[in-house]
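Each remark here refers to the structure printed beneath this line.
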Amino acid sequence: MPHATTSPISVHKIEPRHGSSFDFGAEIRGADLENITDIDAEVIINALYTNQVVLFKNQQNLSPKAQYELTRLFDPTATGYGHGKTLDAKRSILHPDLKTIPHQPQVQVIGNGFLEDFEGLKNITLKHPHHRTFHRDAISDEDDRENTRFYRWHIDAALYELEPPKVTSLLAVKVPKTEYQTLRYDDGTGDELKLSRGSTAFVSSYKMFGLLSDDDKEFARTTKVQYAPHPYIWMSGSKSRSDGLGLVSEGRELPTSQLPPIDPSKIKILPMCWKNPVTGELALQVHPSAVQALHLFDGTIIDDLAEVRDIVHRLQRPGIAPELVYAVDWEEGDMALFNNRGVLHTVTGSFKPEEVRVFRQCNMAASEGVVGPDE
Ligand SMILES: [Fe+2]
């Protein structure tokens with residue numbers, strides 16, 4: 001790394017639009033991401049962990065290699081993609097959404113439409129995930145162009161064998177600009193949100209924790225979450241709640257006999273709260289679709305799936321209220337980095353096949369486990 005004693009970088013908080021009150025997100029200006037000095041790195045790392053989502057504008061010319069290096073600043077010994085090779089499994093629900101860049105395999109291409117040639121990938125067709133493929137009840141065809149849902153609130157993580165990535169980067173390479181959509185929660189609350197088509201929505205899991213009652217905070221601090229083995233295959237027959245925050249319990253998860261071999265030592269049992277490495281704050285950090293059981297402080301294990309999901313949903317739902325959602329209205333060249341251990345995020349929107357949209361995503365399975373509340 002080049003050496004310098006001062007950094008030209010400045011950090012500017014995102015101002016929520018009228019009616020919103022989310023308290024995270026920042027734009028970082030003045031960074032040369034192809035030539036990051038030690039001191040720049042320090043400023044960027046600090047900005048990320050105090051703002052959770054940071055945005056760099058005009059990065060369309062950044063190479064996949066530089067994107068990889070930027071992402072790796074947060075975990076210099078991490079090297080492999082966050083899902084490892086697990087996405088190769090055709091039955092994984094993530095399989096159709098991601099294409100790997102051959103010369104930089106930690107970087108994936110996601111988006112919509114046909115591309116003749118992109119970073120060595122030839123004649124590929126990308127498909128923006130549509131909620132109708134995942135939600136139990138979809139918005140009607142007639143209302144579909146103007147309305148959307150949160151597709152799936154999640155953490156980027158394999159949640160089996162590999163450690164959850166610390167940071168994910170997302171570069172908007174090509175963004176079709178169309179009209180705003182209304183995002184409907186359709187969960188009986190009447191909640192909705194106006195956002196630009198295809199916005200990525202983020203919520204702060206620190207806020208989510210902060211909103212809990214004292215009893216629930218205590219429960220969250222002392223409970224561990226067990227994830228299903230091969231979770232994205234396990235859940236492949238299941239359907240989501242309309243708010244994208246976890247699955248409906250209809251007994252459609254695959255039985256163990258239909259999963260790849262399970263090594264019990266690779267099953268993830270993680271704290272429900274993860275500590276921010278800079279601020280020390282606790283995030284209520286649960287992947288709501290992949291959760292299988294809860295381990296309480298007294299040794300009780302709750303493994304009734306419907307009950308587990310209801311508990312997690314009750315704890316998480318206040319944190320996705322419309323005013324708390326930061327919906328990134330992408331412009332070409334935007335590079336977002338987010339604290340994957342401190343936010344949940346989701347795709348929104350739907351596109352026609354001819355609306356071409358291209359993003360590059362990068363994250364790495366972490367070199368160390370998450371930090372729980374007592375560590
Ligand atoms: Fe993601």
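The values are calculated or read from the model by the stated rules, or taken from the named source; none is laboratory data. Worth saying up front: this structure is predicted, and the values here are computed from it rather than measured. Using ideal geometry, Cβ is built from the backbone for each residue, glycine included, and neighbour counts are taken over all protein chains shown.
Overview of values
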item	result
Pair list, Cβ < 8 Å and 6+ apart or interchain, from segment 71-100 residues that are within 13 Å of Gln361 (Cα to Cα) and β-branched (Val, Ile, Thr) to residues that are part of a loop (DSSP other than H, G, I, E, B) and at pLDDT 80 or above	Thr71/Gln106
Top-ranked residue in segment 151-181 [being in a strand (DSSP E or B) and out of contact with any helix residue (DSSP H, G or I) (no Cβ under 9 Å at 6 or more places or on another chain); ranked as farthest from the ligand (Cβ to nearest atom)]	Tyr180
Test: residue in segment 108-123 that is in contact with a Ser or Thr (Cβ under 8 Å, 6 or more places away or on another chain), assigned to a loop (DSSP other than H, G, I, E, B) and surrounded by fewer than 20 Cβ atoms within 10 Å (Cβ to Cβ)	no
Some residue of segment 260-268 being in contact with a strand residue (DSSP E or B) (Cβ under 9 Å, 6 or more places away or on another chain), charged (D, E, K, R) and part of a helix (DSSP H, G or I)	yes
Of residues in segment 289-331 being within 19 Å of His135 (Cβ to Cβ) and in contact with a Pro (Cβ under 8 Å, 6 or more places away or on another chain), the one surrounded by the most Cβ atoms within 10 Å (Cβ to Cβ)	Ser289
Breaking point among (1) of a type in the set (D, E, K, R); (2) closer than 22 Å to Arg252 by Cα; (3) more than 16 Å from the ligand (Cβ to nearest atom), for Asp144	(2)
Residue match in segment 15-30 (condition: within 30 Å of Gly120 (Cβ to Cβ) and surrounded by fewer than 19 Cβ atoms within 10 Å (Cβ to Cβ))	no
Thr189 vs. criteria surrounded by fewer than 17 Cβ atoms within 10 Å (Cβ to Cβ) and either under 30 Å from Gly372 (Cβ atoms) or of a type in the set (Ser, Thr, Tyr) (or both)	yes
Residue list for segment 326-371, restricted to those being within 14 Å of the ligand (Cβ to nearest atom), basic (Lys, Arg) and outside any loop (DSSP other than H, G, I, E, B)	Arg360
Residue match in segment 203-217 (condition: closer than 21 Å to His131 by Cα and either under 22 Å from the mean Cα position of the chain (by Cα) or without any contact (Cβ under 8 Å) to a residue 12 or more places away in the chain (or both))	yes
Selection from segment 182-203 of residues that are assigned to a strand (DSSP E or B), among the β-branched types (Val, Ile, Thr) and away from the ligand (no atom under 16 Å from the Cβ)	Thr182
Members of segment 145-180 found to be over 21 Å from the mean Cα position of the chain (by Cα) and either modelled with pLDDT of 95 or more or of a type in the set (A, V, I, L, M, F, W, C) (or both), listed by number	Glu146, Asn147
